[in-house]
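Below: one structure, written as structure tokens.
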Amino acid sequence: MSTETDITERAGALLVALGDTRDIVAAALSAKGIKGERRKWACCPVANYLKQSGLPVVMVDTTGILLDSPDIDAVWLDTPNAITDFIYHFDDGAWPELAEPVGSES
């Protein structure tokens with residue numbers, strides 16, 4: 001069973017691995033075949049990436065990432081700057097190759 005510390009460290013490492021600019025984040029998600037819905041905090045590309053990595057993602061937005069499951073207390077992480085920048089631009093229409101139609105399965 002994972003602890004809050006394990007999950008926090010794992011999530012942090014996964015986020016850092018995406019890169020340090022919005023374009024590098026987009027390229028990393030694209031290389032992994034990760035897509036998501038625009039303006040959907042539970043199924044954006046970053047949320048889907050974390051979920052596909054086995055994390056209990058509840059929400060990803062420009063200020064924070066909420067991880068929660070019945071097995072742990074909720075964990076709140078500040079969203080790294082590159083991820084925030086990616087989210088703003090993705091939601092505004094950048095990287096159409098990463099966008100799924102609203103309501104599709106991720």
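The values are calculated or read from the model by the stated rules, or taken from the named source; none is laboratory data. What you see is a predicted model; the values in this text were computed from it and never measured. Positions of Cβ are generated from backbone atoms using ideal geometry, with glycine treated the same way; all protein chains shown enter the neighbour counts.
Quick one: which residue in ALA74, ALA94 is not polar (S, T, N, Q) and not in a strand (DSSP E or B)?
Working: ALA74 fails: not in a strand (DSSP E or B).
Going through ALA74, ALA94 in turn, the sole match is ALA94.
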All positions within the range 1-23 that are modelled with pLDDT of 95 or more, outside any helix (DSSP H, G or I) and closer than 15 Å to LEU77 by Cβ: LEU18
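In the set VAL75, VAL60, which member is closer than 19 Å to ALA99 by Cβ and among the β-branched types (Val, Ile, Thr)? Write out each step before concluding.
Numbers: VAL75 fails: closer than 19 Å to ALA99 by Cβ.
Going through VAL75, VAL60 in turn, just one is closer than 19 Å to ALA99 by Cβ and among the β-branched types (Val, Ile, Thr): VAL60.
Got a number for residues in the range 34-69 being in a strand (DSSP E or B) and of a type in the set (Val, Ile, Thr)?
At the first step, the residues of the range 34-69 found to be in a strand (DSSP E or B) are 36, 57-60, 64-69.
Among the residues that remain, those that are also of a type in the set (Val, Ile, Thr) are: 57-58, 60, 65.
The qualifying residues number 4.
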Just checking, which of ILE65, ILE72 is touching a strand residue (DSSP E or B) at 6+ places or on another chain (Cβ under 7 Å) and surrounded by 14 or more Cβ atoms within 10 Å (Cβ to Cβ)? ILE65
Within the range 24-33, tally of residues that are under 17 Å from ASN81 (Cβ atoms) and assigned to a loop (DSSP other than H, G, I, E, B): 0
Scan of the range 50-106 for residues that are touching a helix residue (DSSP H, G or I) at 6+ places or on another chain (Cβ under 6 Å), small (Gly, Ala, Ser) and within 13 Å of GLY36 (Cα to Cα), ordered by number: SER106
Spot the failing condition for GLY12; the list is (1) within 21 Å of TRP95 (Cα to Cα); (2) surrounded by fewer than 17 Cβ atoms within 10 Å (Cβ to Cβ), and only one is missed. (1)
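How many of the residues making up the range 19-35 are touching a Phe, Trp or Tyr at 6+ places or on another chain (Cβ under 8 Å) and farther than 16 Å from SER53 by Cα?
Let us first name the residues in the range 19-35 that are touching a Phe, Trp or Tyr at 6+ places or on another chain (Cβ under 8 Å), namely 22, 25-26, 29-30, 32, 34.
So of that shortlist, the ones also farther than 16 Å from SER53 by Cα come out as 22, 26.
Here the count works out to 2.
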Taking the criterion of being β-branched (Val, Ile, Thr), over 26 Å from VAL102 (Cβ atoms) and either without any contact (Cβ under 8 Å) to a residue 24 or more places away in the chain or in contact with a Gly (Cβ under 8 Å, 6 or more places away or on another chain) (or both), would at least one residue in the range 2-11 satisfy it? yes
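Does ALA42 satisfy being of a type in the set (Gly, Ala, Ser), surrounded by 13 or more Cβ atoms within 10 Å (Cβ to Cβ), out of contact with any Asp or Glu (no Cβ under 9 Å at 6 or more places or on another chain) and in contact (Cβ under 8 Å) with a residue 12 or more places away in the chain? Before you say what the answer is, go through the steps one by one.
Values: of a type in the set (Gly, Ala, Ser): yes; surrounded by 13 or more Cβ atoms within 10 Å (Cβ to Cβ): yes; out of contact with any Asp or Glu (no Cβ under 9 Å at 6 or more places or on another chain): yes; in contact (Cβ under 8 Å) with a residue 12 or more places away in the chain: yes.
Yes; evaluated as a whole, the condition is true for this residue.
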